[in-house]
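Let me begin by presenting the structure, written as structure tokens, before commenting on it.
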Amino acid sequence: MTSLTKIASRWRRIVTPIPAPQSLPLLERLRSVEPRSMAGLPPVVWQEAEGFLVRDPYGNQWIDLTSGIVMANAGHAHPRVIEAIQRATDARLLATYAFPQRQRLELLEKLVSLSPISDAKAILFSAGTEATECAMMLMRRQGRAIHSKKIGIVSFVDSYHGRTLAAASASGRRRDTDWIDRESLHHFQIPFPFGPRWPWGERIEDSTGCHAFEHCLAQLTEQGVGHHQIAGFMLETVPGWATWPMPAGFARALVAWARSHDVLLCFDEVQSGCGRTGKLFGFEHCGVTPDLITLGKGLSSSLPVSALLGGRELLDDPAAGEMSSTHGGNPVCAAAALANLCVLEEEGLIEAAARTGALALARLRSVLAPFGERLLSVHGPGLFISVHFVNPETGEPDVFLADAVVREAVNRGVLMFFTHRGFVKFTPPLNIDPEAALEAADVLGECVAAAIEHLPARQKSNGTSISGPHDELNTQVGRGG
Ligand SMILES: Cc1ncc(COP(=O)(O)O)c(C=O)c1O
């Protein structure tokens, strides 16, 4: 437990050490009944989340930079979303499976009207992973109809598409600890053209990413994978780890290649969609349109709703009854999502994300400037900003420092989450008061200074990370491993 420094500002209030001593029994009870995989976040008990503020039951209040992990785009507990949920529950229709019902229809009509894909249809699910899984299934069905071997899916290394089998196989990177061999499932990966750490060494005059796609193709060829084995690409256009849009030249080359080889494209907008990047869809930064789009998280800013959008022919491929889910299009969830999309639009939250994001980014760059040698990059479109730390000695991501910054922030009333990968994310609800976003940026500057100050001597002197991502906050409450 950390010693207590009381914090009081217009938005932040910290009156107990973190974790709050009173919360320990609850945290212990949780840890005793759920797997340790659930213990990856700072030990803050959420009692109430409203707008861009999160409160615990012990008098503490945080400016929320997590949005419930990039979910509450319209703000937590938006009154119009709550009202829509209440109206839906008052109607005493809590579930319908695939029977026809109005709320599902209205959300689908809204999604189709927003879709840049012509003659689009959409289908609803609960989790993002269901939408991405379904997209890969559809791409594979199309590929297989062309050739029995054309069933491969290509994704970016280190991307994230969910936890079900295909989604997990398209996520992360190949490891010895993989519980199933990705290649045996026909999943292949290419590097993401991340500007600050260009995967092909020197960035040499490829700011548009034009040649990067050729490098990716060459890499697939090296793996013995050609277009005749590829059904589709499942790609995050602004990956959650990178918050860096796919370069436009890369995207154009990708689309041209895919079109000429009957390869489909799904852009996974579960995290980067719904206004997060200052545009409705993240792919608008790249100037191309895919065949399929997945949405989730910020689609409802609340209850579990995800969606898959695509052309009529593609979505109509499975026969009646072959593509559905018990809770997909649940009337209460659909009502929440429709209200949320209306709020994003009518309250101008997409434009707000662009405006507030630009202010916050400029302030972050200014307050973090003194720590230049420990920073790889501070960037991101809209309110999809990340700060990447680097170990000045090794040039590797500084996992220890990034996680220490999160602990410092939580102690100071700014809620963040551990990535355990050497970067932190600045992703508040899109309706955050710009003054609060600037305050949070200032606090982050203090946190980096404090985290460096408290680095173990060995790391402070030579930049060596002496520890992995273990966090003292979590070990306080019995986190294993
Ligand atoms: C880009 C992306 N795709 C898919 C998912 C999976 O969504 P869910 O956790 O709702 O299954 C996530 C979740 O973080 C995501 O960020």
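Once the Cβ-Cβ distance of CYS342 and THR96 is raised to the sixth power relative to R0 = 22 Å, the FRET efficiency obtained is 0.50. Provide the per-residue ³J(HN,Hα) series for the range 328-333, in order, calculated from phi with Karplus coefficients 6.51, -1.76, 1.60 and θ = phi - 60°, each as a whole number of Hz, with x at glycine and proline positions. Per-residue couplings from phi come out as x, x, 3, x, 6, 5 Hz. Counting only the backbone N, which residues of the range 281-300 are under 15 Å from the spot 7 Å out from the Cα of ALA248 toward its beta-carbon? What the label zone holds, given the 15 Å backbone N cut-off, is 283-289.
3J(HN,Hα) along the range 263-272: 10, 8, 10, 10, 9, 8, 9, 4, 9, 8 Hz, from the Karplus curve 6.51 cos²θ - 1.76 cosθ + 1.60 with θ = phi - 60°, whole Hz, x for Gly and Pro. The stretch between LYS6 and ARG365, if pulled fully straight at 0.36 nm per residue, gains 126.6 nm over its current Cα-Cα span. Proximity of backbone amide H atoms, modeled 1.01 Å from N, is registered between SER159 and GLY172 at under 5 Å, excluding neighbours fewer than 5 places apart on the same chain. I'd like the distance between the alpha-carbon centres of the range 333-374 and the range 220-234, rounded to an integer number of Å. Rounded to whole Å, the Cα centres lie 36 Å apart. Note on the chain: lysine pairs with Cα distance below 19 Å, sequence gap of 8 or more or different chains, count 6.
Using the rule -39500 (n - 2.57) for each DSSP H run of four or more residues, divided by the residues of the chain, the 222 nm mean residue ellipticity is -11000 deg cm²/dmol. Taking the square roots of five times each eigenvalue of the Cα gyration tensor of the chain, the equivalent ellipsoid has semi-axes of 35, 29, 21 Å, listed largest first. Amide H to amide H, with H built 1.01 Å from N, PHE188 comes under 5 Å of ILE153, VAL154, SER155, counting only residues 5 or more places away or on other chains. Between GLU83 and ALA319, full extension at 0.36 nm per residue minus the direct alpha carbon distance yields a gain of 81.3 nm. Of interest is the spacing of the C-alpha centroids, which for the range 148-203 and the range 290-319 amounts to 21 Å.
Among the trypsin sites (Lys or Arg not before Pro) found in the range 88-172, those both in a DSSP coil and sparsely packed, with 14 or fewer other Cβ atoms within 10 Å of their Cβ, are ARG92, LYS149, ARG163.
Once the Cα-Cα distance is subtracted from the 0.36 nm per residue extended length, the VAL33 to GLU48 segment shows a gain of 3.1 nm.
Each of the chymotrypsin sites (Phe, Trp or Tyr not before Pro) that DSSP puts in a loop and that has at most 12 other Cβ atoms within 10 Å breaks the chain; the longest unbroken stretch is 180-481. The string of couplings for the range 217-227 from the Karplus curve (6.51, -1.76, 1.60, θ = phi - 60°) is 4, 4, 5, 5, 4, 4, 7, x, 10, x, 4 Hz, one whole number per residue in order, with x for Gly and Pro.
The loop-placed GluC sites (Glu not before Pro) in the range 189-265, going by DSSP, that have at most 16 neighbouring Cβ atoms within 10 Å of their Cβ come out as GLU202, GLU205. Remark: C-alpha extents of the range 79-346 on the principal axes read 59, 38, 38 Å, sorted largest to smallest. Amide H contacts under 5 Å for LEU265: PHE233, ASP291, LEU292, restricted to partners 5 or more places along the chain or on a different chain, H placed in the peptide plane at 1.01 Å from N. Restricting attention to the chain, close to 65% of DSSP beta bridges with both partner residues there are antiparallel. Of the trypsin sites (Lys or Arg not before Pro) found in the range 375-444, no site is in coil according to DSSP while having at most 10 other Cβ atoms within 10 Å of its Cβ.
How much of the DSSP beta bridge set in the range 79-346 is antiparallel, as a percent to the nearest 5? Bridges in the range 79-346 that DSSP calls antiparallel: roughly 40 percent.
Bear in mind these aren't lab numbers, they're just calculated from the coordinates by the rules spelled out. Given the structure is predicted, the values throughout are model-derived calculations rather than measurements. Using ideal geometry, Cβ is built from the backbone for each residue, glycine included, and neighbour counts are taken over all protein chains shown.
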